[in-house]
Amino acid sequence: MAALPHAPFPRQMVQPVRVAVVDDSVVVRGLLSKWLSETSGIEVVGAFKSGREIIDALPGVAPRIILLDLDMPDMDGITALPLILAKSPQSRVIVVSSLSVHGAELTMRSLMRGATDYLPKPSNHREVSTSADFRQALVAKVLAVGGVRAITRAASPAVPARPPVAPPVARSPFPATSPIQRIPSAASPVAPFRQPVPASAAAPADRSAGPQVRPLERVRPKMVVIGASTGGPQALVLTLGRMKNLIARVPVVIAQHMPPIFGSIFASHLKQHAGLPAVEAVEGKSLQPGTIYLAPGGCHTVVRRKADGQHVIAMLPSEARGPWRPSIDLLFSSAAEAYGNEALAIALTGMGRDGTEGALHLSRRGANVLVQDEASSVVWGIPGSIAEAGLASSILPPEKIGELAVALLEGQAP
């Protein structure tokens, strides 16, 4: 197999990312260790066959990242996870598990108990050893969670400090660079949905003084859209927990990057841990206040306004937009189209730039976009890209985002 190109290692990082591999399979341990050791900026500090072995080695090996299998003899990953975090609180745990229903349930349970992220593992050793996609995803996650940011600043969009505010249901034209795509129709005619405006459509902003925050619009939201990726489940619980008493007033739609099998499981865990009415989004479902709709994993979910004024869920084919599933850009842009400045967007921790184009679309309609701050983010990719494009109305940790959202919902924004 041809070697993958080394990911760039930022100048500000003096030490390589220290990684420990924990898996009961000698083949998997060997492959993961080899791939990571061949990557610039990564140092493998140990390979262990059980949860008990890694716990005994802590904190001596001092890994920044621990790749943790869940199904192991002696001590499995679920049992080991809280002990690992207690003994080495500075470590980030990335769960590497199968995509079976059982594996997905265990993975989601681990994310709710403190794991930072997960990586779906191919079902057998042959697929592990031959999957270039798995190897590339492994390296990318380790570098990102280890502190390597991947934001393309030169291409980031910019908007004026206070963009013109359009009426919530107005259909004022957008730039010619924004192609129109109609969402697959249900029974009723709907307003057209526009793809996000390309980042190249706007000139780059001057960021010499750091991210520029847009003035907060004093608009009471009628719906909330949230995008998240790496580290998202825990950030979502923190954010929504502060909004719990006011979620009854608005529908909430979430795009959390995840494989298809995780959708309903994540909705169940979100309901259990946050005590909130969370369901997996379904095509054509009417948006109801007091319900959290979770975009199915691997499927793009958007919102639309029908001719009769009703707002519903709609699904787009998975190939409709880029590599991220579900797309935050598509969700944010559809909310801008359907709700205008009465949409409230929240961007939480995650890899990549998904959501920046959608935030541009929202900002041009006068909607508020709240983003998670760098200090509390596992990876400041998604929120950082929006912030550095000058599209954020506020940059806060998850709990404070929830509190500000409550103030906006109560019509008491600062």
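Read-outs: derived from the displayed coordinates by stated rules, not from any lab. This is a predicted model, so every value here is computed, not measured. Here the Cβ is made from the backbone with ideal geometry for all residues, glycine too, and neighbour counts use every protein chain on show.
Assorted remarks:
- Across the stretch 18-30, coupling constants 3J(HN,Hα) worked out from phi with the 6.51/-1.76/1.60 Karplus curve, θ = phi - 60°, read 8, 10, 10, 10, 10, 7, 6, 8, 5, 5, 5, 4, x Hz, and Gly and Pro carry x.
- For the stretch 17-145, alpha-carbon Rg over 2.2 N^0.38 Å: 0.94
- 9 Å beta-carbon shell around Ser25, net charge (K/R +1, D/E -1): -1
- Gap separating the Cα centres of the stretch 252-282 and the stretch 364-394, nearest whole Å: 22
- Members of Lys141/Lys400; Lys222/Lys306; Lys121/Lys141; Lys49/Lys141; Lys244/Lys271; Lys34/Lys141 lying beyond 18 Å, as alpha-carbon distances in this model show: Lys141/Lys400; Lys49/Lys141
- Among Pro122, Leu70, Leu138 the positive-end extreme of the charge dipole of the stretch 17-145 (Cβ point charges): Leu138
- Gain in span if fully extended, Leu83 to Ala62, counting 0.36 nm per residue against the direct Cα distance: 6.1 nm
- Fully extending the segment from Thr130 to Ala375 would add 84.5 nm, taking 0.36 nm per residue of separation and subtracting the current Cα-Cα distance.
- Nearest-20 debye value, the stretch 7-123 charge dipole, Cβ charges on Lys, Arg, Asp, Glu: 380
- Modelled FRET efficiency - R0 41 Å, Glu38 with Gln90, Cβ distances, 0.05 increments: 0.95
- The stretch 43-91: Cα Rg divided by the 2.2 N^0.38 Å rule of thumb: 1.00
- Pairs of alpha carbons in the stretch 290-414 whose separation is greater than 19 Å (percent): 49
- Extending 7 Å from Cα along the Cβ direction at Gln310 and again at Val213 yields two label points whose distance is 4.0 nm.
- Karplus (6.51, -1.76, 1.60) ³J(HN,Hα), θ = phi - 60°, over the stretch 363-372, in Hz, Gly and Pro reported as x: 5, 6, 9, x, 8, 7, 10, 9, 10, 6
- In nm, spacing of pseudo-spin labels at Glu399 and Val282 (7 Å Cα→C-beta vector): 3.7
- Once you reduce the stretch 326-340 and the stretch 43-95 to the center of their Cα atoms, the two points are 39 Å from each other.
- Only Lys, Arg (+1) and Asp, Glu (-1) charged, at Cβ; the stretch 78-140 dipole about Cα centre in debye: 200
- Simple spin-label estimate for Ala137 and Glu410 gives 4.2 nm between the two label positions (7 Å along the Cα-to-Cβ direction from each Cα).
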